[in-house]
Amino acid sequence: MNQSRILPLAVALAVLAACQPKTANTVADNSAPVATVNGGPITRNFYDFYIKGVTGGKAPADLTPAQRTTALDNLIRARLVGDEAVKEGLDKSGDTAYLLELARLNVLQQAVQDQYLKDRKPTEQELRAEYETSLAAMPKTEYHARHILVATEPFAQKVIQRLDKGEKFDALAKEESMDSSKASGGDLGWFTPNRMVPEFSGAVTSLKPGEYTHKPVQTQYGWHVIQLMEERPVTPPSYDQVHQRLEQIVQAKKFRLYTDELMHNAKIERFPDQMGGGAASGATGAAPAAAASGTQGAAGAAAPGAPASSAPASSPPASSAPASQAPAPSGSPTPPKN
């Protein structure tokens, strides 16, 4: 058992449990205690749940006596720390209160989603339809390109002049580029246009293999000189290859429709003036790199507003085929990452 994983999860579970009314635990869990902490029980069911979570599904019987004891000690320690936090009012102040509420909402949302989808398994017809939709949305061509990223347009123009005089692209990239891909001569590997910012992909698709841009291309990251090395048709995966991914997409869409209905039937008032000025919806642009995982549809396209890495990836995915990542639950209250 990974001992380093035990304590953090125990803290989270114990703090969440400590924040609930004591009567709630008594009603919901009547299993015998494996320990008591200042008179409060750590029940067998709670202990079993904890063990299952930190071991990937194992039962206490699958562990050694020493591991079971360590796990219980960590739960006891975490319960003591959690009780102390509640005593000091930390559960009701600052970021802690918001994190606890977000954790509660996420757990409840997952529970509702699991229950709602339990009897709504995707049909073969739904899966086939989603597969065809995904194929239609897929880019038909992918590109292998390299680039040189510099800070100013005049400097980019000088790089182009040096290329015009016969200097090697990869050597110039290693010498002048400020992107991490400089180590490989500016090589970005294979990518589809939807995985790059529009300015970058537009320049790439306008080139023929072997050509480079004779006018610097500006993106939010600087000025690029781009060379298209080769292109090829995208080979879509077979239905069987992406069957599991298709199930995830169809189920995510079903749950999204359910939450849309909840929103439609709810009385919701919005107060934009209280949200702070200058807030924009979504990202201002995506870097010329693969979009962050978890925000892609079946065809691998980034969802609107999805974050992207801050610089071109040195090794983008080999293809933009369906079934790369499971979609994030719609409407998830998880806070955005900075």
Would region 222-233 turn up any residue that is in contact with a strand residue (DSSP E or B) (Cβ under 6 Å, 6 or more places away or on another chain) and on the phi > 0 side of the Ramachandran plot? yes
Would region 68-78 turn up any residue that is at pLDDT below 95 and at positive phi? no
Restricted to region 213-248 and to residues being closer than 17 Å to A203 by Cα and among the acidic types (D, E), the residue nearest to the chain's Cα centre (by Cα) is E231
The condition from (1) over 30 Å from I249 (Cβ atoms); (2) loosely packed, with under 15 Cβ neighbours inside 10 Å; (3) not aliphatic (A, V, I, L, M) that Q115 misses is numbered (1)
Do you know which residues across region 186-231 are over 13 Å from E153 (Cα atoms), of a type in the set (K, R) and either in a loop (DSSP other than H, G, I, E, B) or at pLDDT 95 or above (or both)? K208
Can you tell me which residue in region 178-193 is nearest to the chain's Cα centre (by Cα), limited to those that are of a type in the set (S, T, N, Q) and crowded, with 20+ Cβ neighbours inside 10 Å? T192
So which residues in region 123-155 are assigned to a loop (DSSP other than H, G, I, E, B) and surrounded by fewer than 20 Cβ atoms within 10 Å (Cβ to Cβ), if there are any at all? T123, K140, A151, T152
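The values are calculated or read from the model by the stated rules, or taken from the named source; none is laboratory data. Since the structure is predicted, the reported quantities are computational estimates derived from the model, not experimental observations. FYI the Cβ positions are ideal-geometry reconstructions off the backbone, even for glycines, and counts take in every protein chain you see.
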